[in-house]
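Scroll down for the structure; my scribbles are underneath it.
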Amino acid sequence: MGTMSTRLRRTVPTMVIVVSTLLSTGAASAGSTAANARSAGTDDVATVQHDGYRAVIRRTQHGVPHVLAADVKSAGFGQGWAYAADRGCDLADQVVKLRSERARWFGPGPDNAHLASDFGYHALGIRTKAERELTKLSPDVRAMVSGYAAGFNAYLERSGTLPGWCADAPWVGKIDEVDLLSRERDVAITMGSATLLGAITLAQPPTRQARAKGTAPGVDAEPGRKLVAQQARTVLRGDRRTAALGSNGWAVGEERTADRGGLLVANPHFPWEGENRFWESQLTVPGRLQVYGANLGGLPGVQIGFNRDVAWTHTVSSGWHTTVYTVKLTESDPTRYLVDGTPEGMTSRTYSVRVKGTDGSLQTVRRTLWQTRYGPVIDLSPVDPSYGWSRTQAVTFQDANIGNGGILEQYADMAKARSVGELKAAHRRHQAVPWMNTIAADKSGATWYADTSATPNLSADGIAAWLSHPFGVLDGSDSRHAWQKEPGARQPGLVPFVRQPQLSRRDYVFNSNDSYWLANPERPLTGFSPLFGFENVPQSARTRQNALMLRKSGPASVSGTDGRISLAEAEKGLMSTRALTSDHLLAPVVRACRAQAGTPVVVDGRSVDVTKSCDVLADWDGRFTVDSRGAVLWRETLAAVERAHPGSVTNAGALFSEAFDPARPVDTPAGPAADTAPVLEGLAKAALTLEAAGLPADVPLGRVQYAVKDGNRLPVPGTAGFIGATNVVEHLTQPGSSLEPATPGGTPLAYGDLTDQGYPVNTGSSFMLVVNFTRNGPVAKGLLTMGQSLDPGSPHFTDQTRAFARLELGRRPFTEKEILADRHLATEMVTGRVAR
């Protein structure tokens, strides 16, 4: 693959790249390019045909690449190149994982995690499925994927390494189309099979336990039980841990927007570290494609964003995309099970994995893994001892996304949609959204909410059984619990598009990770499968805060006096640091502690004077900016109350007096609790926690809450999700499957959330975007909180994290005129030959 790069940096405020001239030549000077720009004066540029890859990457404020190319394959090439330059380590790491080569490069891993990953992905057949998918891709998607891989490789060939945490690593190498399609499929199973790799590898028939160690001397292939327990909780109905992925999304229609067109607010709460952090770009192929937005690492195209006519975002669905089954075994053979009394044999396959030893040598480990008609056999005994593989019972599961290879096809169609109606048609056609809600608005002022995520289609009997079990485990020996086939579904056994929760409105729709029920509180959605989530249940404080912000009026409303929302008001809402709990409870808590009149509060035998803490809260405005004094004290108070009285934030009890009312779900629970003892005890515990940390009660939030960038602590606004803020920032011990070293979380102190390291942040508000459709087209502002680049030497390593601390969005250029007017514009042309 040959490459050529000509760096053209602006020395004057105008620079234009026109396809008909620049893309048809090997190089161009800044002078001749600017001259062509002044004569063009239009967004319309001619398409040029050529045999190789050739793209122009124009970087604007915050280093966002706007890729301009004459055809789709070259657009993919430019995007792959730009991604490699910014975030290539994230994809290179995932390629090693999805090729089942973690153990080859890194050894068995802690708790044998690398072995479990390698064997698990072999058993799931992700790469094999990707190889089959390659020949079925549409021409445009095939061109985009092949171009992306070629661009990534061309950058790597030119630079010799990737910038960031994997620089000069021996495992970094070239990628191919199958690697990208494997990544696509891995994203699809994020909320399902990917959380069960250890359980898949652990599962062995009881008669074969002696042979479960693998064949290489001194190498134990058994994944640790702690690993399995940590991974498996997501798929169990009663024990989910979803803090890693969340989001807020608004779509406001013509009845509520100042400009009478559609308006979108996107705030996905995603990791700031690892493979699932967003990256921002624009792709333009004149006459064929013009789309702006963000994508997860290694996925070509745009997954959240906008074009000239429609904008969309996603939030993580509260539904379930996997069902776990137990099956009864025959008396004579633990690898044969019963379905309606008829025996069926499991299938098995032996896989081989190369493992790096402590001396650097490679050994081969083999392990036999098993499948039922539903899917892989798993061992969940680390979660619950009764869910292991015994002589009478085995455990297995079925994943709604294991056959989902349509994500890239669907987003390619969505990128070309000219209305909400066409976006909806793309969903109906592909049904490839794996585990997200969609929220969309278009230039006409139409909005749409839908949970079209892949969802098991259980019968009434199956749903009843699923609901009655504390973990949602079904009896796989009873065919009534099998997924039901229905016309119109992407694959047999899934809920078809026409029976998925959807709502079209001209005022607004939204979601903040509770179910579909209150996509618009004035028109609740009811009557859908509970596997999409639940109705008539208490909503999170964050959902309630978003709903209150969208009301026409009220203390939390972002609307103007006319009840309509402008771009500026939407931006204010997106960057809000208010929280439902402080809005509703701060004043009552201050009254309660004032009423103490200096009387100490007794906590675990210690007398605590809360007078100083009361003064701090009285002076606090209830916001969570980096300068806020009182924000840390409030979070610790609420954390202590919630820990002592679980569910306090979502129902009556320690904090609220009026219970949740399904008829008033946004406004309840409400009213301060009459018994102030729990909140005063929480305040006293918060004071003790801050004392243990050596911090004053009025410590500024930014001194405690921060992101770590190249060893430096950068202050971060926002707070934990349970507080009811729309800007959520938290910490994850492991933000994903990436081997990038994660920010240490610290050791918890005393009674609340605070650690000996404060509040380290590595997940939360990520790709923040507001798009307003005006008569002159879309106007967008945005922020990528963790920044575009992994390279500590790049100005785009910290610039947007610092902007987040200032609560500043940046203008996002979309048209040629806007791109060329950007004072940060830097242009690079990249080329390559198509491999024959």
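Every number here is computed from the coordinates shown, using simple stated rules; none is lab data. Since we're looking at a predicted model, the values are computed, not measured. Here Cβ is always computed from backbone atoms with ideal geometry, including for glycine, and neighbour counts include all displayed protein chains.
Things to note:
- Counting only Cβ charges, +1 for Lys and Arg and -1 for Asp and Glu, the dipole size of the stretch 614-699 around its Cα centre is about 220 debye.
- Relative packing of 750-757, 722-729, 54-61, which averages over residues the other C-beta atoms within 10 Å, highest first: 722-729, 54-61, 750-757
- Convex hull of Cα atoms in the stretch 493-610, direction-averaged projection (nm²): 12.2 nm²
- Of the trypsin sites (Lys or Arg not before Pro) found in the stretch 744-830, the ones in coil according to DSSP and having at most 16 other Cβ atoms within 10 Å of their Cβ are Arg775, Arg806, Arg823.
- Furthest towards positive pole of dipole, Asn295, Leu714, Val704, structure part the chain, Cβ charges: Asn295
- For the stretch 219-371, the relative contact order is 14 percent, taking Cα pairs closer than 8 Å that sit 6 or more residues apart in sequence and dividing their mean separation by the residue count.
- Helix runs (DSSP H) in the chain reaching 18 Å along axis by Cα, Kyte-Doolittle at least 0.5: 580-595, 677-692
- The chain - percent relative contact order, Cα under 8 Å, separation 6 or more: 17 percent
- Whole-number D in µm²/s for the chain (Stokes-Einstein; Kirkwood sum over Cα pairs; 37 °C, 0.692 mPa s): 117 µm²/s
- For the chain, the Cβ-based charge dipole about the Cα centre amounts to some 1560 debye (Lys, Arg positive; Asp, Glu negative; other atoms uncharged).
- Taking the centroid of alpha carbons for each part, the stretch 621-686 and the stretch 550-591 are 18 Å apart.
- Sorting the segments 503-514, 135-146, 443-454 by their mean number of nearby beta carbons within 10 angstrom, highest to lowest, gives 443-454, 503-514, 135-146.
- A cut-off under 12 angstrom between Cβ atoms defines the neighbours of Val537, and their net charge, with Lys, Arg +1 and Asp, Glu -1, is -3.
- Here the relative contact order of the stretch 580-702, from alpha carbon pairs under 8 Å that lie six or more residues apart, stands at 31 percent.
- Computed from the alpha carbon positions, the gyration tensor of the stretch 604-667 leads to an equivalent ellipsoid with semi-axes of 25, 18, 10 Å, biggest first.
- Separation of alpha-carbon centers, the stretch 277-324 and the stretch 395-425, rounded to whole Å: 11 Å
- Largest-first principal axis extents of the Cα set of the stretch 580-702 (Å): 45, 34, 24
- Exceedance of the 32 Å cut-off in Cα-Cα distance is limited, within the set Lys97/Lys136; Lys552/Lys685; Lys328/Lys424; Lys73/Lys129; Lys226/Lys612, to Lys552/Lys685; Lys328/Lys424; Lys226/Lys612.
- Percent of C-alpha pairs per 5 Å bin, the stretch 329-407, short to long: 3, 12, 16, 18, 16, 14, 10, 7, 2, 1, 0
- Pairwise Cα distances in the stretch 91-233 exceed 22 Å for 47 percent of all pairs.
- Each part gets one Cα centre, and for the stretch 433-501 versus the stretch 772-833 those centres are 37 Å apart.
- Peptide ranges 257-263, 587-593, 164-170 listed from the most packed, as the mean C-beta count within 10 angstrom indicates: 257-263, 587-593, 164-170
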